Amino acid sequence: MALRNIVEKGDNILEKHCRPVTAFNEKLHILLDDMQETLEKSGGVGLAAPQVGVLRRAVLVVETNVPEGEDEQVIELVNPELIYEDGSQEGPEGCLSLPGVYGWVERPMYVKVRAQDRYGDWFELEAEDLTARAICHELDHLEGIMFDELADHMMSDEELDEYYGQNVSQSPQAKRKR
Ligand code: CO
C-alpha cells in the first residue's frame, strides 16, 4: 500500500464526471488499498477516487455509527448508485480537498445505495446520519460536484465554535472531513 496525494480544489480533475469501473483487477485493488491508507492517515470519513486523481467511480466511506468499543468500518463502494433517500439533516460539512473550510449543507438523513465490491459483486447498503452525509458527499465527487457548491453558506470560525459547543457529543465525528 502507498499513500496517494490528495488533489485540492482548483484542480479541474475535481470538476469532472467519473467513468464506471469495468475491470475488477489488481489495479483496482491497489487503488482501493492506497485510498484506504490515504484516508486512514487523513483522519477523514470518506474519500473518492477523483480526489487521488483517478476519474473512476469508486469511493470509500467510514461507517462511524458503530457500537462503542467496536472498530469503525471502511466500506468500499464501486459504481455506487443512490436508490433511495429519506428525511433530511442540516449541518457542517468539510472535505479533504478543501482543507480548513466548512459549509452548512442539507443532506438526506437516510440513504440506500447499490454498489459493487472490489470483486464486482453487487450489494446494497443502508446508512443514516453522518454516514448518509458522507455517502452523498462522496457520490457527488463522482459527478464533479464539491460540497461548497451545495452549501447554504460557508461557516465562519465563530459559527463552527458555536455549533460544536452546542453539539459536543457529535463534534469529533461531525468535524471529520470527506
Ligand atoms: Co470531499
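Bear in mind these aren't lab numbers, they're just calculated from the coordinates by the rules spelled out. All values reported here derive from a predicted model rather than from experimental measurement. No Cβ is skipped: glycine too gets one built from the backbone with ideal geometry, and neighbour counts run over all protein chains shown.
A few remarks follow.
- Residues in region 106-117 that are charged (D, E, K, R) and not in a strand (DSSP E or B): Asp117 alone.
- Residue check for Asp148: surrounded by fewer than 20 Cβ atoms within 10 Å (Cβ to Cβ) and either farther than 25 Å from Val7 by Cα or touching a residue at least 60 places away in the same chain (Cβ under 8 Å) (or both): yes
- If the condition is being among the hydrophobic types (A, V, I, L, M, F, W, C) and in contact with a helix residue (DSSP H, G or I) (Cβ under 8 Å, 6 or more places away or on another chain), then region 63-78 contributes Val74, Leu77, Val78.
- Comparison of Gly165, Gly144, Gly103 shows that the only residue that is in a loop (DSSP other than H, G, I, E, B) and of a type in the set (Gly, Ala, Ser) is Gly144.
- The set of residues from region 61-83 being closer than 23 Å to Arg19 by Cβ and charged (D, E, K, R) comprises Glu76, Glu81.
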